[in-house]
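In what follows, a single structure is set out as structure tokens and then discussed.
The values are calculated or read from the model by the stated rules, or taken from the named source; none is laboratory data. Bear in mind that the values here come from a model prediction, so they are computed numbers and not experimental data. Neighbour counts run over all protein chains shown; Cβ positions are idealised from the backbone, glycine included. All accessible areas refer to the heavy atoms of the entire protein, side chains included, with ligands and DNA or RNA removed. Shrake-Rupley method; radii C 1.70, N 1.55, O 1.52, S 1.80 Å.
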Amino acid sequence: MFARIIPIVIKEFLELKRDKWARFRLIVPTLVQMLLFGYAATYEVYHVSTAVLDLDHSQESRELISRFTSNGRFDVVKVAQSQREITEAIDRSDAAVALVIHAGFAELLRKGQNAPLQVIVDGTNSNTALIALGYVGTIAQGFAQDYASDLAERVQGVRGMKQIQVTLEQRPWFNEDLNGRWFFVPGLIGTLTLVIIVNLTAFAIVREREAGTLEQIMVSPIRPAEFILGKTVPFFVVGLGEVALIVAVGILWFQVPFVGNPLVLLLGSALFLLSSLALGLLISTLCLTQQQAFSMNFFLLNPFFILSGFAYPISSMPQLLQWLTYVNPLRYYLVVIRGTFLKGVGLGVLWPPLAAMAAIATVLLTTSILRFRKSLE
Amino acid sequence: MSGDRQAEPQIVAENLVKRFGSFVAVDGVSFQVGRGEVLGFLGPNGAGKSTIIRILCGLLRPSSGRALVAGIDVARDPEGVRQCIGYMSQKFSLYRDLSVEENLRFFGGIYRVPNSELPERMRFAISMAGLGGREKALVSTLAGGWQQRLALGCAVLHRPPILFLDEPTSGVEPTSRRRFWDLIHSLAADGVSVLVSTHYMDEAEYCHRAMLINQGRLIAVGSPQELKHSALGGKVLLLECESLGPTLAALAHAPGVLDCSVFGNALHVLVSDAERSLSELPAYLEQQHLRPDRLERIDASLEDVFVQLIAVDSAKQSAAA
Ligand SMILES: Nc1ncnc2c1ncn2[C@@H]1O[C@H](COP(=O)(O)OP(=O)(O)OP(=O)(O)O)[C@@H](O)[C@H]1O
Ligand SMILES: [Mg+2]
């Protein structure tokens, strides 16, 4: 039935084998990006430039400020004398964060009441700002607790002393340093695989079109399905190798724990690879030149990345974009990867994303087969 | 395969028209190719040779008209003709990173040549291409002539009765071109119908019949002999002289001269009456202070015929436009 798949598969492997540059492209950039992302793209923030305005001039206010400077998270670059200087420091980007302690701060604390600490962050880098805000909360809370127990000690015997409340909310994911990376590295498996595989396959057919070999294939009795499937198999095998490489780096180098079932991860990876391959092949059937395929790639891959939940939470996207994520295979693969790596959940929980990827792969592959015309028009 | 079907046409084109937008690339072309016949397509760049061949292979749909290949209407059933045809596209289209053997095996595979016959056919193709001993060589390392012969070998691996060759000898050195034509003729002798395009006018001599195409239209067809004797409408004189340019300009207005063109470092002059022009032209040129070194009657070559016909046709076209 599909006897002509085999010569296509053999041919693709031979071409891949002879193409030294392709092998380089498959391995080196993958490793480099993996290391780059693994180290650079973390949620940790150090040495945030900070401006301080202390209008209370109390022992308590000085104590609070010293807590900010002592742990390396914040560098006080400016001790301001007025609110205006604070505004200027933020405007000129001299400081990313400003802390303002108003007069009466110590007074309130001594009475056991909530004492406000005003924090101004430079929202133009919202990522850093958010993270910094989280640290401010943590430090303020630590200070408040210590102060409360200290106060309790001093007024021993006096009952009914109200616990001092924490005014800034603390974000739990900033507490544990390693969690950021554990969260990131599994996500990288998905995004890197998508980029590599779509890039590889997007050129698979266009290249032959430009070389002229496609015309030779079109006049032969080969069926579109045989041709497309023949192109799929070799890239699928290559893709599995890529996934294995990235997973190995994640587990062995970055020490990300893998607590789930490897077979579930394998199944998820296979389905994800099929969807990525089919996407690449579809691009390839739609484009007439490699140049077009390149631009199409560029145009498509970013939305896939953004709408996957890798970096930005899907639940905070507008409804329309949330719907778009439902056709994004990367979205489902990330669920499978994080589920198997970090949570250790199995098929019972992960079958919906697996089924979704299978459906996407089927639709895309079928479309590329139907799109592939044995004609130059 | 019986000899009595010699007359039965394998390729029939009836009034083929192909438009790309408003541009007419093929304009009402009709012809036939019989079993075992070699038909040559000649014409300048952009004449429409490749477009006609692609229509016949089912790669393009004709805007109107009909193409029958092996008795099958190509536009209706393009898949029906695939197994019967071999095609060499104008652009070299084997896999350069694959060896000679790997390419042959690949094409054997997609045409489903039975495993029992494949080794024998591959041996045939390799010896035909003269590549014995270089089976493991990558195609990219072969010289042009070898590449083209290997491409022909791949195109005939499944023994198609009909062969379309689009400029198979372009960019190949003359001795290799000669060898290639010998291969075409040995295939034709086995009953294969061959439609071959070329822009080397001299290669028309190797065809059973040649067709001249200009701007999408058929302007002459016939055996090389027929074309030389009837298509020209005059006799050819050879004129050698020092100053080609002024002589060419002077001859344009000379009495009895139909046309004049440069061939190498001489002129070919088309005249209506050879004897009269031979006696009158030297005096006419003398008046203009031009002196030919040599003036004699020669047999028209196909190149004379084609250059003349294309010049006349193009002039007619631009006059009409
Ligand atoms: N897909 C297309 N779209 C638009 N115009 C086309 C297309 N294919 C061919 N043409 C035009 O049709 C004309 C005939 O082209 P064709 O390739 O058939 O000429 P040719 O005789 O094979 O020339 P050459 O000797 O250069 O190969 C040319 O002017 C070409 O630009
Ligand atoms: Mg051409």
Degrees, to the nearest 10: A:179-211 long Cα axis against longest axis of chain A: 30 degrees
Between helix B:100-110 and chain B: long-axis angle, C-alpha atoms, 0 to 90°, nearest 10: 70 degrees
³J(HN,Hα), Karplus 6.51/-1.76/1.60, whole Hz, each residue of the stretch B:168-175, x for Gly, Pro: x, 9, 6, x, 10, 6, x, 5
Shielded residues, the stretch A:14-39 - accessible-area loss of 10 Å² or more between chain alone and all protein chains, probe 1.4 Å: A:14, A:15, A:18
For the stretch B:3-228, alpha-carbon Rg and Dmax in angstrom: 17.1, 52
Accessible area buried, both sides summed, chains B and A with 1.4 Å probe, Å²: 2500 Å²
Surface share of carbon and sulfur [accessible, 1.4 angstrom probe, percent] for the stretch A:258-366: 76 percent
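What is the percent of Cα-Cα separations in the stretch A:316-377 that go past 20 Å? Walk me through the numbers before you get to the answer.
Values: 869 of 1891 pairs.
Pairs farther apart than 20 Å: 46 percent.
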Antiparallel bridge percentage (DSSP; both residues within chain A; nearest 5): 25 percent
Buried on assembly, the stretch A:360-377 (at least 30 Å² less accessible surface than by itself, 1.4 Å probe): A:374, A:376, A:377
Charge dipole magnitude, Cβ of K and R +1, D and E -1 - the stretch B:233-299, Cα centre, debye nearest 20: 60 debye
Accessible-area value, residue A:111, 1.4 Å probe, nucleic acids and ligands omitted, Å²: 120 Å²
Angle between chain A longest axis and helix A:329-338 axis [Cα atoms, degrees, rounded to 10]: 60 degrees
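Got a sec? What order do A:146, A:91 fall in by accessible area at 1.4 Å, biggest, i.e. largest, first?
Details: A:146 75, A:91 120 Å².
So the residues, ranked largest to smallest area, are A:91, A:146.
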Rounded accessible area of residue B:175 (nearest 10 Å², 1.4 Å probe): 100 Å²
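Excluding ligands, DNA and RNA, what is the solvent-accessible area per residue of chain B at a probe of 1.4 Å, expressed in Å²?
Working: 14140 Å² over 321 residues.
The answer is 44 Å² per residue.
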For chain A, accessible area per residue (1.4 Å probe, heavy atoms of protein chains only), Å²: 49 Å²
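Taking a 1.4 Å probe, which of B:95, B:284 shows the most accessible area, and what order do the others take after it?
Values: B:95 5, B:284 45 Å².
So, going from the largest accessible area down, we get B:284, B:95.
Students sometimes get this wrong: rank B:217, B:123 by accessible area, probe 1.4 Å, all chains present, largest first.
Numbers: B:217 50, B:123 150 Å².
Putting B:217, B:123 in descending order of accessible area: B:123, B:217.
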Residue-averaged 222 nm ellipticity for chain B, from DSSP H runs of 4+ at -39500 (n - 2.57), nearest 500: -10000 deg cm²/dmol
Per residue, the convex hull volume that the Cα atoms of the stretch B:180-226 enclose (Å³): 82 Å³
The protein assembly as shown - Rg and Dmax from Cα coordinates, angstrom: 39.5, 143
In sequence order, calculated HN-Hα J values of the stretch A:219-235 (Karplus, 6.51, -1.76, 1.60; Hz; x Gly/Pro): 7, 8, x, 5, 8, x, 5, 5, 5, 5, 5, x, 6, 6, 3, x, 6
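For chain B, which whole-number percentage of the solvent-accessible area (1.4 Å probe, protein heavy atoms only) is attributable to carbon and sulfur atoms?
50 percent
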Nearest-10 value in Å² for the accessible area of residue B:11, using the 1.4 Å probe: 0 Å²
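Hey, what number do you get for chain A at 222 nm if only DSSP H runs of n ≥ 4 count, each worth -39500 (n - 2.57), divided across all residues, to the nearest 500?
Details: 14 runs with 239 residues, N = 377.
Per the formula, -21500 deg cm²/dmol.
Could you sort out which of A:17/B:49; A:17/B:91; A:20/B:18; B:91/B:235; B:49/B:316; A:17/B:18 sit more than 32 Å apart by Cα distance in this structure? Display every interim value, and only then the final one.
Numbers: A:17/B:49 38 Å; A:17/B:91 25 Å; A:20/B:18 43 Å; B:91/B:235 38 Å; B:49/B:316 20 Å; A:17/B:18 42 Å.
Over 32 Å Cα-Cα: A:17/B:49; A:20/B:18; B:91/B:235; A:17/B:18.
With a cut-off of at most 13 other beta carbons within 10 Å, and DSSP calling the residue loop, which trypsin sites (Lys or Arg not before Pro) in the stretch A:340-377 qualify? Please list them. Write out the running numbers ahead of the final one.
Numbers: sites: A:343, A:371, A:373, A:374; in loops: A:373, A:374.
Those satisfying the criteria are A:373.
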Stokes-Einstein D (µm²/s) once Rh is taken as the Kirkwood radius of the stretch A:254-305 over alpha-carbon pairs, at 37 °C in 0.692 mPa s: 249 µm²/s
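Can you give the translational diffusion coefficient of the stretch B:54-160 in µm²/s, computed by Stokes-Einstein from the Kirkwood radius over Cα pairs at 25 °C and 0.890 mPa s?
On the way: Rh = 14.7 Å.
Rounded to a whole number, D works out at 167 µm²/s.
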For residue B:213, distant residues with modelled amide H under 5 Å away: B:42, B:43, B:219
